[in-house]
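Here the structure comes first, spelled out in structure tokens, and everything after it is commentary.
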Amino acid sequence: MTPVFLLAAVAALLNVFSTRLGRVADRVDLLSAEWQREAADTEFLSAQLDRLRRRSRYLDWAVVFATIGGAATCFAAAGVCLGTLLEQEFRVAVFGFFGTALLCTIIALPKVAAAMALTVLAYNLTRVMNIVGTKPLMAAIVA
């Protein structure tokens, strides 16, 4: 039964990851529209888009690893079922698939943590920009 619980957890993680990717895509659309209207400082928009690109890359890798983990979990569950039906021992295969699922899920989590760190950084920079202003902030960053 353990692979089934892990599969449910991986599915929940994939839901969170896809929601985060949707937010990144929405923000990219908003910034791209501002860029085309030339409504804001292009240096600031460029920096924001670069940060969003990095965030997207981290989330993409998290989705890839979580998907591999989910697939490996499915194979582990299938191995348990086949072993029961065929009265065969698939311990090594089940252990390998379950270990792969755990490893890929563990690898996905720091990727999301990095994307969240970039989110917090962007939020804090936006707050500072609203308080100080865009031009003084860019001058401070360049100096």
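The values are calculated or read from the model by the stated rules, or taken from the named source; none is laboratory data. As the structure is a computational prediction, the values presented were derived from the model and not from experiment. Virtual Cβ from ideal backbone geometry, glycine too; neighbours counted across all protein chains shown.
Could you tell me whether GLU38 is on the phi > 0 side of the Ramachandran plot and not polar (S, T, N, Q)? Spell out the reasoning first.
Values: on the phi > 0 side of the Ramachandran plot: yes; not polar (S, T, N, Q): yes.
Taking the combined requirement at face value, the residue satisfies it.
Looking at the stretch 55-63, is at least one residue surrounded by fewer than 16 Cβ atoms within 10 Å (Cβ to Cβ) and at pLDDT 80 or above?
The first filter runs over the stretch 55-63 and keeps only residues surrounded by fewer than 16 Cβ atoms within 10 Å (Cβ to Cβ), leaving 57, 60.
Applying the additional criterion that residues be at pLDDT 80 or above yields 57, 60.
Checked the stretch 55-63: at least one residue is surrounded by fewer than 16 Cβ atoms within 10 Å (Cβ to Cβ) and at pLDDT 80 or above.
Cβ-Cβ below 8 Å, separation at least six or inter-chain, first residue in the stretch 55-79 and within 22 Å of GLU89 (Cα to Cα), second among the polar types (S, T, N, Q) and surrounded by fewer than 23 Cβ atoms within 10 Å (Cβ to Cβ): which pairs?
Close Cβ pairs (under 8 Å, with a partner that is among the polar types (S, T, N, Q) and surrounded by fewer than 23 Cβ atoms within 10 Å (Cβ to Cβ)) amount to ALA72/THR100.
Given the structure, is ILE107 under 27 Å from GLU34 (Cβ atoms), aliphatic (A, V, I, L, M) and surrounded by fewer than 17 Cβ atoms within 10 Å (Cβ to Cβ)? Full working, then the answer.
On the way: under 27 Å from GLU34 (Cβ atoms): no; aliphatic (A, V, I, L, M): yes; surrounded by fewer than 17 Cβ atoms within 10 Å (Cβ to Cβ): yes.
It is false that ILE107 is under 27 Å from GLU34 (Cβ atoms), aliphatic (A, V, I, L, M) and surrounded by fewer than 17 Cβ atoms within 10 Å (Cβ to Cβ).
Tell me, which residue of the stretch 14-43 that is touching a helix residue (DSSP H, G or I) at 6+ places or on another chain (Cβ under 9 Å), among the aliphatic types (A, V, I, L, M) and part of a helix (DSSP H, G or I) is nearest to VAL64 (Cα to Cα)? Break it down into steps so the answer makes sense when it comes.
Let us first name the residues in the stretch 14-43 that are touching a helix residue (DSSP H, G or I) at 6+ places or on another chain (Cβ under 9 Å), namely 14, 16-18, 20-21, 23-25, 27-28, 31-32, 34-35, 39-43.
Then keep just the ones that are among the aliphatic types (A, V, I, L, M); that gives 14, 16, 21, 24-25, 28, 31, 39-40.
Still in the list and also part of a helix (DSSP H, G or I): 14, 16, 21, 24-25, 28, 31.
Numbers: LEU14: 9, VAL16: 13, LEU21: 13, VAL24: 17, ALA25: 18, VAL28: 21, LEU31: 26 Å.
Here the residue is LEU14.
LEU102 - would you say it is within 19 Å of the chain's Cα centre (by Cα), surrounded by 14 or more Cβ atoms within 10 Å (Cβ to Cβ) and in a helix (DSSP H, G or I)? Explain how you work it out, then say what you get.
Details: within 19 Å of the chain's Cα centre (by Cα): yes; surrounded by 14 or more Cβ atoms within 10 Å (Cβ to Cβ): yes; in a helix (DSSP H, G or I): yes.
It is true that LEU102 is within 19 Å of the chain's Cα centre (by Cα), surrounded by 14 or more Cβ atoms within 10 Å (Cβ to Cβ) and in a helix (DSSP H, G or I).
In this structure, does LEU85 turn out to be more than 16 Å from ARG51 (Cα to Cα) and touching a residue at least 40 places away in the same chain (Cβ under 8 Å)?
Working: more than 16 Å from ARG51 (Cα to Cα): yes; touching a residue at least 40 places away in the same chain (Cβ under 8 Å): no.
Considered against the rule, which asks whether it is more than 16 Å from ARG51 (Cα to Cα) and touching a residue at least 40 places away in the same chain (Cβ under 8 Å), LEU85 comes out as no.
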